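Structure first, then comments.
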Amino acid sequence: MTELGLIHLASAIYLSAVICLAVSVNENDEPMRIVRETLRRWAKFMGIAAAIGVVVFLIG
Amino acid sequence: MLANWLVPGLGFLLLGKRTRGLIQLGLVGVTFALGLLLDGGVAWPAWSIRQPDFNLINNFTFLIQLGAGLPALVSLVAGLKGWTLLGGAPWASYFELGAYYLVVAGAINYFAACNLYDRHVGGAARPGRSGDESA
């Protein structure tokens, strides 16, 4: 895998985590709830991204 | 809200919500800094449909990037002056990715400004809008 691909992959992981954290911080007040909702959203995000990746890999 | 847009998290800090303000500042600041490290920058787009390089996506991208406030304005001015360190390098291979980081930073700050309004001015701050309708 090239450096460009790795940086894009790391960016997808980082940016999705940041977006999930920002939304969770805006919606909640309790720290534990913020952590739980961030992880739940991020896992969903990653799961969907992985599913799209598999579909694109199979089609390509 | 204006203070919170200009300096991410400042609105919450001024209202005494220190943790929330610092988290917003950290999220927007780190994401924006990573965007600059990847040679990204806020570029002034073509606004007239008659211009050959007009692209509506660039215009929307610019508006969302401006959501980051003062850092975005600094990057815009640096870009117009040709300072690649803060203004970005459109010829660099990571420019598009860096610009995307700036879009995310701007969007997060817009979310934060809307959240500040909702919590302290309208929405949830208004009597009878706390979710407890029976009270």
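No lab work stands behind these numbers, since they all come straight from the coordinates. Nothing here was measured: the structure is a model prediction, and the numbers come from that model. For neighbour counting, all protein chains shown are included, and Cβ atoms are generated from backbone atoms with ideal geometry for every residue, glycine included.
Using the Kirkwood radius over C-alpha pairs as Rh, can you work out the diffusion coefficient of segment A:3-59 via Stokes-Einstein at 37 °C, viscosity 0.692 mPa s, in µm² per second?
Numbers: Rh = 12.3 Å.
The diffusion coefficient I find is 266 µm²/s.
Would you mind getting me the FRET efficiency between residue B:114 and residue A:59? Use the beta-carbon distance for r and R0 = 41 Å, nearest 0.05. Before the final figure, lay out each step's value.
On the way: r = 38 Å, r/R0 = 0.92.
Result of the calculation: an efficiency of 0.60.
Would you mind working out the magnitude of the charge dipole of chain B relative to its Cα centre, with +1 at each Lys and Arg C-beta and -1 at each Asp and Glu C-beta, to the nearest 20 Debye? Could you put the intermediate results ahead of the total?
On the way: 8 positive and 6 negative charges, 74 e Å.
In total the dipole reaches around 360 debye.
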_Among the complete DSSP H segments of chain B, which ones combine at least 18 Å of alpha-carbon extent along their axis with a mean Kyte-Doolittle hydropathy of -1.0 or more?_
B:18-37, B:95-120
_Residue-averaged beta-carbon neighbours from other chains (10 angstrom radius) around A:18-30_ = 5
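Tell me the mean residue ellipticity at 222 nm calculated for chain A from its helices only (DSSP H runs of n ≥ 4, each -39500 (n - 2.57), averaged over every residue, nearest 500). Display every interim value, and only then the final one.
Details: 2 runs with 54 residues, N = 60.
That calculation yields -32000 deg cm²/dmol at 222 nm.
Among B:19, B:31, B:84, which comes first, then next, by fewest other beta-carbon atoms within 10 Å?
Numbers: B:19 12, B:31 25, B:84 15.
Ordered by Cβ neighbours within 10 Å, fewest first: B:19, B:84, B:31.
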*Tell me, what is the percent relative contact order of chain B, built from C-alpha pairs under 8 Å that lie six or more residues apart?*
31 percent
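Among B:53, B:39, rank each residue by its count of other Cβ atoms within 10 Å, from fewest to most, as a rough exposure measure. Please list the in-between numbers first.
Details: B:53 7, B:39 21.
Listed from fewest to most nearby Cβ atoms, that is B:53, B:39.
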*Residue (of B:36, B:101, B:14) at the positive-pole extreme of the protein assembly as shown, dipole from beta-carbon charges*: B:14
*So how far, in whole Å, is the C-alpha centre of segment A:10-42 from the one of segment B:41-59?*
33 Å
_Pairwise FRET efficiency - residue A:51 versus residue B:22, Cβ, R0 = 35 Å, nearest 0.05_ = 0.50
*With charges only on Cβ, +1 for K and R and -1 for D and E, what is the dipole size of the protein assembly as shown about its Cα centre, in debye, rounded to 20?*
320 debye
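Per the Kirkwood treatment, what hydrodynamic radius in Å, one decimal, follows for segment B:2-123 from the mean inverse distance over all distinct Cα pairs?
14.6 Å
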*Given the options B:42, B:77, B:121, which has the most mean-square fluctuation in a GNM of chain B, springs set between C-alpha atoms less than 10 angstrom apart?*
B:121
*How do A:40, B:119 rank when sorted from fewest to most other Cβ atoms within 10 Å of their own Cβ?*
A:40, B:119
